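Working notes for the structure below.
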């Protein structure tokens, strides 16, 4: 299937998701407390079968879900995404016992998951993690986790955390291990952070928290692969979240400028307004296409996935910021009132440019992959020319 084309069944599913989000999820979201995990909303996502799809769908379906939910209810979209982010490492790298213990609860909405990577001193530089995993005694088979995590979505209310800790000091990304840490482990405490974005975010403190080999996700000292593999899947879907918000802002702007009287006509009759709306639509569609292309590349196992998903997240999140900001400008002061759709989107749209790799990090990834491709192409060309030269000499 081309990246720019959706099948009729997919289009119908997206429309169904928008309706579900508006009719069944938004009322639950409106009853939630900002900055707290909305467990009734998480449970409803489970009842609707959306949480279970996190473990059976590819990147394309994940992006379609996130864009469709974001259009009508950003809280539902974020709740679903956070479940996937926290639980995907268990699904992809967990032991049978780990998967059996935790994934059914995530799927039915009774268990809340969280992805604990960032630290106060290691946000964008994920390889600089300092949460220490020290061996539990001489020759011990377990570890004790000591340190802090910060900016962790669903903390401190999650039921379990996918935690990344340093098991080998001084080894950079090669000395990090991923652990599945239940929230009731002794020594694990947390606190909520009051953030601009309304979804739950907190800090975690580890005071010699015990973990064993049974808690490792994947292999010891190979946890950075677990983290990056998870982010490669979820980064294009962050872009899909952004596209959903941009589309909602665009549609609100179309309705407003078509109805609003100004300067002897409708706002849409002003060329400057019409051109701004056209630019909003152009950028939104371009971002959507790049998101779909990146998701298709991920599902097909393309070799350039890191570059594509970085491009998709970067373009889509920066685009959404532009579109929402322009929508606020065209609506005027009414868009700044508490409770207005655009006031809500204006607060929501800022964070995706930072989390799961800030825009600057994405640019770094893109440049690194481009130079890597250039070097590989150059070396391949030189080898081919050398072989041809030797062949001619042999003749």
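The values are calculated or read from the model by the stated rules, or taken from the named source; none is laboratory data. Here the structure is a predicted model, which is why all the values come from computation and not from measurement. No Cβ is skipped: glycine too gets one built from the backbone with ideal geometry, and neighbour counts run over all protein chains shown.
Checking the structure you have, find out if any residue of the stretch 249-272 is under 23 Å from residue 91 (Cβ atoms) and assigned by TED's automatic domain parsing to the domain that holds residue 316. No, the stretch 249-272 contains no residue that is under 23 Å from residue 91 (Cβ atoms) and assigned by TED's automatic domain parsing to the domain that holds residue 316. Checked against (1) surrounded by fewer than 16 Cβ atoms within 10 Å (Cβ to Cβ); (2) outside any helix (DSSP H, G or I); (3) modelled with pLDDT of 95 or more, residue 1 passes all but condition (3).
Counting only residues that are under 26 Å from residue 62 (Cβ atoms) and either without any contact (Cβ under 8 Å) to a residue 24 or more places away in the chain or touching a strand residue (DSSP E or B) at 6+ places or on another chain (Cβ under 6 Å) (or both), the stretch 114-128 holds 5 of them. In this entry, residue 257 passes the filter for residues that are closer than 15 Å to residue 342 by Cα and either modelled with pLDDT under 95 or surrounded by fewer than 24 Cβ atoms within 10 Å (Cβ to Cβ) (or both). Any residue that is free of Cβ contacts under 8 Å to residues at least 24 places away in the same chain and not assigned by TED's automatic domain parsing to the domain that holds residue 61 - is there at least one of those in the stretch 304-324? No, the stretch 304-324 contains no residue that is free of Cβ contacts under 8 Å to residues at least 24 places away in the same chain and not assigned by TED's automatic domain parsing to the domain that holds residue 61.
Per-residue answers, yes or no, for (1) over 30 Å from residue 167 (Cβ atoms); (2) crowded, with 19+ Cβ neighbours inside 10 Å:
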residue	(1), (2)
215	no, yes
222	no, no
225	no, no
229	no, no
237	no, yes
241	yes, yes
245	yes, yes
248	yes, yes
253	yes, yes
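Filtering 339, 301 for residues that are modelled with pLDDT under 95, assigned by TED's automatic domain parsing to the domain that holds residue 360 and under 22 Å from residue 73 (Cα atoms) leaves a single hit, 339. With respect to the conditions (1) surrounded by fewer than 18 Cβ atoms within 10 Å (Cβ to Cβ); (2) under 19 Å from residue 114 (Cα atoms); (3) out of contact with any helix residue (DSSP H, G or I) (no Cβ under 7 Å at 6 or more places or on another chain), residue 37 lacks only one, and its number is (1).
For the stretch 265-299, a tally of residues being surrounded by 15 or more Cβ atoms within 10 Å (Cβ to Cβ), in contact with a strand residue (DSSP E or B) (Cβ under 9 Å, 6 or more places away or on another chain) and over 20 Å from residue 322 (Cβ atoms) returns 0. A single member of 70, 81, 12, 76 is in contact (Cβ under 8 Å) with a residue 40 or more places away in the chain, more than 24 Å from residue 358 (Cβ to Cβ) and assigned to a helix (DSSP H, G or I), and it is 76. State whether the residues of the stretch 186-205 include one that is in contact with a helix residue (DSSP H, G or I) (Cβ under 8 Å, 6 or more places away or on another chain), in contact (Cβ under 8 Å) with a residue 40 or more places away in the chain, in the same structural domain as residue 144 (by TED's automatic domain parsing) and part of a strand (DSSP E or B). No; the residues of the stretch 186-205 include none that is in contact with a helix residue (DSSP H, G or I) (Cβ under 8 Å, 6 or more places away or on another chain), in contact (Cβ under 8 Å) with a residue 40 or more places away in the chain, in the same structural domain as residue 144 (by TED's automatic domain parsing) and part of a strand (DSSP E or B). Kindly check whether there is at least one residue in the stretch 169-183 that is at pLDDT below 95, surrounded by fewer than 24 Cβ atoms within 10 Å (Cβ to Cβ) and assigned to a strand (DSSP E or B). Scanning the stretch 169-183, I find no residue that is at pLDDT below 95, surrounded by fewer than 24 Cβ atoms within 10 Å (Cβ to Cβ) and assigned to a strand (DSSP E or B), so the answer is no.
Among the residues in the stretch 331-344, are any within 20 Å of the chain's Cα centre (by Cα), part of a helix (DSSP H, G or I) and over 20 Å from residue 372 (Cβ atoms)? Yes, some residue in the stretch 331-344 is within 20 Å of the chain's Cα centre (by Cα), part of a helix (DSSP H, G or I) and over 20 Å from residue 372 (Cβ atoms).
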